[in-house]
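What follows is a short report on a single structure.
Nothing in this text is a laboratory measurement; each read-out follows from the coordinates by a stated rule. All of these numbers come straight from a predicted model, not from anything done at the bench. Cβ sites come from the backbone with ideal geometry, for glycine too, and all protein chains shown count toward neighbours.
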């Protein structure tokens, strides 16, 4: 197991622990403390890693143009929760005297919006086309 630790540590600066940059053909350098290691230290070692779109986003300091699906779903649910109003209508399931609602334009622009209702007590959901 010590071999695995040694292989993992070779990617990091032995002085400050930052990730080394391999921008030169003769040495790897630390961008933080400017320590350098010869590429001969890495000869014969196989090094690989996996990057995600979020890794590139952090490294480049940019936002993704298309957010991952789980992020889109959470944002959509959050928007719906923040934009809900309350109406004094009775819940058809539990008879609670008020319902939360929000509207969306699901059909063509010349047709009415769809109203989505949810009971805050029993969480019964239903919709109505207007």
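Can you tell me the length gained on complete extension of the stretch residue 33 to residue 56, counting 0.36 nm per residue apart and subtracting the Cα distance? Walk me through the numbers before you get to the answer.
Numbers: separation 23, 0.36 × 23 = 8.28 nm, distance 2.27 nm.
Stretched fully, the residue 33-residue 56 segment lengthens by 6.0 nm.
Order these by the 10 Å Cβ neighbour count, fewest first: 62, 39.
Details: 62 9, 39 12.
Ascending Cβ contact count within 10 Å gives the list 62, 39.
Starting with the fewest neighbours, write out 42, 56 ranked by other beta-carbon atoms found within 10 Å of each beta-carbon. Can you show the working numbers first?
Numbers: 42 17, 56 11.
Ascending number of Cβ neighbours within 10 Å: 56, 42.
Would you list 26, 21 from fewest to most Cβ contacts within 10 Å? Show your work: numbers first, answer last.
Values: 26 8, 21 13.
Taking fewest neighbouring Cβ atoms as first place, the list is 26, 21.
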